[in-house]
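**Q** Input: one structure, supplied below.
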Amino acid sequence: MNCFLNFLSFWLLLGGCHLSKADLYTEYEERLDIFIEGTLKKPGCDISRDILRIHFDDQEHFCEDGIKKEIDRINGRGDGIDFSLASLGWIFWHYWDSPLLTTELKTGLVEAVTTVPLFYSEEGYLGPMQYWSENHQVGWYAAEYLIGSAFAHRPELAGLIFTASGVNGSVHQERGGERLRRWMRYRLKYGFSEFNSDTYGPIAYRAVAAAAGCSPDPETRDLSRMVMNLQLYDHIVGSKGVKIVTPQGRSYGGGKMEGGRYTHLWLIKGEGNANDIENEFGSAQGLHFSLAVLHGYKLPSVLLEVAADLRIGTFEMKERFGLGEYEEDGVGGDDADECTFWFGNGGYFSPVHPRCLFIVGDEYNLWNRSDTWMDIAVAKPLWDLSPDIIDIAGVIGAPLGHGAVLGPGNVQTFRSPDIFLSSFQDYKGGYMAGQQHAWQATLDIYRHGMVFTTQPTTDNWVGGILPKVGQVGTTLLALYSPEVLTTLAFSVNMTHAHFRKADYDEYEETEDIGEGSRWFIGRQGDAYVALYSWKATYFIEEEDGTVKELVAPGVQNVWICEVGSAALNGSFDTFQETIVGTSEVEVNINWDNSLVECLVDNGCLAGILDFIDCMTGICSSFKEGNDDTTECLNTIHRELDLAHDQEQWVQLVGSCLADVKKSDIDVTYRMNGSVITYGWAAPLVIDGQVIKTDSFPRYENQFTSMEWGQRNVSIEAGGKQLYMEFDNGVIEQN
């Protein structure tokens, strides 16, 4: 292995520096050979490595313990067993007759896949297994289809009955194939709902690649390859090096701040360092991709050309992902199949389809079989009493349920060789997120050069309250003003930013420029970033001495981000002087004469004394309102007895809270002669020109122009083209 790593280092110094665009495909094929060799020789037992070893009849390195561990995982019925279940399609379809597979292994594999429920309609205790998010769906669908079709194809397996379903492989081929093709068509029509997720995108990709390489029928194979091509295109366009740096439908704090490197992009793009390459060896994504290639998939040359152009050019790009529950020409929510679609879109309890959890729970009898449905079974008596109650709860709970729906995401991106700024435009501001990541500026991915903000609720860096974001080129405004219900439910009291100042080559922050506002400005190499907070801020030092969290106390805030580079702005001093010397920010908050909003936003409902102080102080001007809520709160204040205990007081205040709206924020931002205005109820405007922030095309960039709903796509770069027609399976590439 040491000799191989020495060769790898030599390749990085020579071949890894990109000889010329004419050699792009040759370089890619060299990387694929390097990946295969590195995976075969990587020490240890793992199903991904060992399937590849079976393909090459590598008796020296093959280790059956990796497959045995997979059998144990399936039999353990834990969450996520579907993440690699489709891997078994390769074994059953292509390698079942390999001499490396002992009778014991084959028996274990057959018993495992014929006893596990392959869909949540099948009998048996499901426990923690999940079948419904986008990546789980394709994992189960591809597994059922590939395993079922392989069983139907092999005479010795064709008559076996799957105990959870009571049917044979042929029926599972039909059922799984129908579900898988429907899933693929949704992705081609609406894009991925877990858009550009650095966690779940790669998981879904494995199942798609397995279907691309194993599907016995041309329709399913072609659909899979089209989806695979588009997902690779999304990841190429949305990545800097080996890290996906656009907004994400689902992401976690560690991936956003520390790691989150998708090393499979080295294999595709040729970018990455030695650690990235070594980490890619043996990866599930690389395994499925390489096997798909070995079984007929051909990477479109144009994707390599796009990646090469993105390394050297400056681009502004638009994309659109996901379907919103309010959109026309969408999917209903009246039966279990439609509701399963919405689960894949994060719409578990949306205001439009709040009945879905109960429809699916009843249809598949999940109330005492699935951990998830057992957790919500307490609400089933209300459903049984009257579904209308659930509809009302869905509307009232819209601040919590609507925000989690993964779409529509209109993504605006500015990228150059040094800097990347990308965001969801005007995306569900004020609503509770699921695990969406709204915006990010990216400098050096290896030195924590990721800058973004969140408004925490249950987790410091995941989800939280979504901002209303507007981006124009290298400038971004993020407005935070949460819905009243979410503010109360999660005691929202701050926003914060990830800004790891010690990892910058140069770092400066301005003095207080009014009411605590200031700029934080940094340089990494030739890339620059400046971050502004309207509210006063402070850094938190962690126990290990790390400083990465910039906290701004307060319910509302406005953050502004500017990015630049030596190529775009000249010296760092010039960039900094422009920011500090020419910027001016004016922020106005309008509580709409809402006493409730003032009380919530200023933390006045934390206790009786806080309530009294605010009613006689900061919120006193709103006591003259003539609405029912204001009168109710005034009555409590007049009759309040300090002898009331906290629980009594909470009940009294709770009885007053009615249908109130969030506070409105309006921003005027002047910078270097330009004026940008944006507001909660106002469009994004720069120098008098209204900037469109919704209804983006599926793609609009230098390589692709594709309208939303269009049934074909053409990607062109460097004299190469990929053309695909979704309805008839046409895939043309040169």
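The values are calculated or read from the model by the stated rules, or taken from the named source; none is laboratory data. This is a predicted model, so every value here is computed, not measured. Quick reminder, even Gly has a Cβ in these numbers, built from the backbone with ideal geometry, and neighbours come from all protein chains shown.
Quick grid of which residues meet (1) free of Cβ contacts under 8 Å to residues at least 24 places away in the same chain; (2) within 30 Å of residue 239 (Cβ to Cβ):
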residue: 164; (1), (2): no, no
residue: 171; (1), (2): yes, no
residue: 178; (1), (2): yes, no
residue: 192; (1), (2): no, yes
residue: 195; (1), (2): no, yes
residue: 199; (1), (2): no, yes
residue: 205; (1), (2): no, yes
residue: 217; (1), (2): no, no
residue: 222; (1), (2): no, yes
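**Q** To continue, here is another question. So for the range 141-163 (the condition being modelled with pLDDT of 95 or more, touching a His at 6+ places or on another chain (Cβ under 6 Å) and assigned to a helix (DSSP H, G or I)), does at least one residue qualify? Talk me through it step by step, then tell me what you get.
**A** Initially, the range 141-163 is screened for residues modelled with pLDDT of 95 or more, giving 141-163.
Add one more test, that the residue is touching a His at 6+ places or on another chain (Cβ under 6 Å), and what stays is 144, 148.
When the remaining residues are screened for being assigned to a helix (DSSP H, G or I), the result is 144, 148.
The answer is yes; a qualifying residue exists.
**Q** Only residues that are in contact with a strand residue (DSSP E or B) (Cβ under 9 Å, 6 or more places away or on another chain) and either assigned to a helix (DSSP H, G or I) or outside the structural domain of residue 58 (by TED's automatic domain parsing) (or both): list them for the range 96-120, please.
**A** The answer is 113, 114, 115.
**Q** Turning to a different aspect of this structure: In the range 489-510, which residue that is modelled with pLDDT under 95 and assigned to a loop (DSSP other than H, G, I, E, B) is nearest to residue 524 (Cα to Cα)?
**A** The qualifying residue nearest to residue 524 (Cα to Cα) is 510.
Here is a yes/no grid of residues against (1) of a type outside the set (Val, Ile, Thr); (2) farther than 15 Å from residue 704 by Cβ; (3) crowded, with 22+ Cβ neighbours inside 10 Å:
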| site | (1), (2), (3) |
| --- | --- |
| 288 | yes, yes, yes |
| 295 | yes, yes, no |
| 308 | yes, yes, no |
| 318 | yes, no, no |
| 329 | yes, yes, no |
| 333 | yes, yes, no |
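**Q** On to the next question. For residues that are assigned to a loop (DSSP other than H, G, I, E, B) and within 15 Å of residue 116 (Cα to Cα), tally how many sit in the range 128-140. Break it down stepwise before answering.
**A** Let us first name the residues in the range 128-140 that are assigned to a loop (DSSP other than H, G, I, E, B), namely 128-133.
Keeping just the survivors that are within 15 Å of residue 116 (Cα to Cα) gives 128-131.
The total comes to 4.
**Q** Exactly one condition in (1) in contact (Cβ under 8 Å) with a residue 24 or more places away in the chain; (2) assigned to a helix (DSSP H, G or I) is false for residue 66; which is it?
**A** Unmet condition: (1).
**Q** Now for a separate question. Looking only at the range 1-59, count every residue that is surrounded by 20 or more Cβ atoms within 10 Å (Cβ to Cβ) and at pLDDT below 50 and tell me the total.
**A** 1
**Q** Just need a number here: residues in the range 255-266 that are of a type in the set (A, V, I, L, M) and surrounded by fewer than 23 Cβ atoms within 10 Å (Cβ to Cβ).
**A** Within the range 255-266, the first condition is being of a type in the set (A, V, I, L, M), and the residues that meet it are 257, 265.
Remaining after also requiring surrounded by fewer than 23 Cβ atoms within 10 Å (Cβ to Cβ): 257.
Going through the range 255-266 one residue at a time, the tally reaches 1.
**Q** Hey, can you tell me all the residues within the range 232-272 that are closer than 20 Å to residue 25 by Cα and either assigned to a loop (DSSP other than H, G, I, E, B) or within 13 Å of the chain's Cα centre (by Cα) (or both)?
**A** Result: 234, 235, 241, 242, 263, 270, 271, 272.
**Q** Exactly one condition in (1) closer than 28 Å to residue 308 by Cβ; (2) at pLDDT below 95; (3) not β-branched (Val, Ile, Thr) is not met by residue 123; state its number.
**A** Status for residue 123: all satisfied but (1).
**Q** Cβ-Cβ below 8 Å, separation at least six or inter-chain, first residue in the range 100-118 and surrounded by fewer than 17 Cβ atoms within 10 Å (Cβ to Cβ), second among the hydroxyl-bearing types (Ser, Thr, Tyr) and not in a helix (DSSP H, G or I): which pairs?
**A** Close Cβ pairs satisfying both conditions: 115/163.
**Q** Sticking with this structure for a sec: Consider residue 540 carefully, then state whether it is free of Cβ contacts under 8 Å to residues at least 12 places away in the same chain and within 23 Å of residue 257 (Cα to Cα).
**A** So residue 540 fits the description; yes.
**Q** When you scan the range 670-724 for strands (runs of 3 or more DSSP E) that lie fully inside it, which ones turn up with 1 or more residues that are within 25 Å of residue 185 (Cα to Cα) and among the aliphatic types (A, V, I, L, M)? If you could, list the steps in order and put the result at the bottom.
**A** Working: elements: 674-679, 682-686, 689-691, 712-717.
The strands (runs of 3 or more DSSP E) meeting that bar are 712-717.
**Q** Also: May I ask you to verify whether residue 353 is touching a Cys at 6+ places or on another chain (Cβ under 8 Å) and at pLDDT below 95? Break it down into steps so the answer makes sense when it comes.
**A** Details: touching a Cys at 6+ places or on another chain (Cβ under 8 Å): yes; at pLDDT below 95: yes.
Answer is yes for this residue.
**Q** Being assigned to a helix (DSSP H, G or I) and within 25 Å of residue 668 (Cα to Cα) narrows it down to one residue among 521, 589, 579, 513; which is it?
**A** Numbers: 521 fails: assigned to a helix (DSSP H, G or I); 589 fails: assigned to a helix (DSSP H, G or I); 513 fails: assigned to a helix (DSSP H, G or I).
After ruling out the rest, the residue left standing is 579.
**Q** Let me ask something else about it. Just checking, does the range 303-314 include any residue being at pLDDT 95 or above, outside the structural domain of residue 471 (by TED's automatic domain parsing), of a type in the set (Gly, Ala, Ser) and touching a Phe, Trp or Tyr at 6+ places or on another chain (Cβ under 6 Å)? Walk me through how you get there before you give the answer.
**A** If we filter the range 303-314 for residues that are at pLDDT 95 or above, which is where we start, we get 303-314.
Subsequent filtering for residues that are outside the structural domain of residue 471 (by TED's automatic domain parsing) retains 303-314.
Going one step further and asking which of them are of a type in the set (Gly, Ala, Ser), we end up with 307-308, 313.
The next check asks that each one be touching a Phe, Trp or Tyr at 6+ places or on another chain (Cβ under 6 Å); those that pass are none.
Among the residues of the range 303-314, not one is at pLDDT 95 or above, outside the structural domain of residue 471 (by TED's automatic domain parsing), of a type in the set (Gly, Ala, Ser) and touching a Phe, Trp or Tyr at 6+ places or on another chain (Cβ under 6 Å), which makes the answer no.
**Q** Look at residue 93 and say whether it is part of a loop (DSSP other than H, G, I, E, B) and of a type in the set (A, V, I, L, M, F, W, C).
**A** Details: part of a loop (DSSP other than H, G, I, E, B): no; of a type in the set (A, V, I, L, M, F, W, C): yes.
When the stated conditions are applied, residue 93 does not pass them.
**Q** Now for a separate question. Here are some residues: 166, 127, 159. Which one is on the phi > 0 side of the Ramachandran plot, assigned by TED's automatic domain parsing to the domain that holds residue 211 and in contact with a strand residue (DSSP E or B) (Cβ under 8 Å, 6 or more places away or on another chain)?
**A** Working: 166 fails: in contact with a strand residue (DSSP E or B) (Cβ under 8 Å, 6 or more places away or on another chain); 159 fails: on the phi > 0 side of the Ramachandran plot.
After ruling out the rest, the residue left standing is 127.
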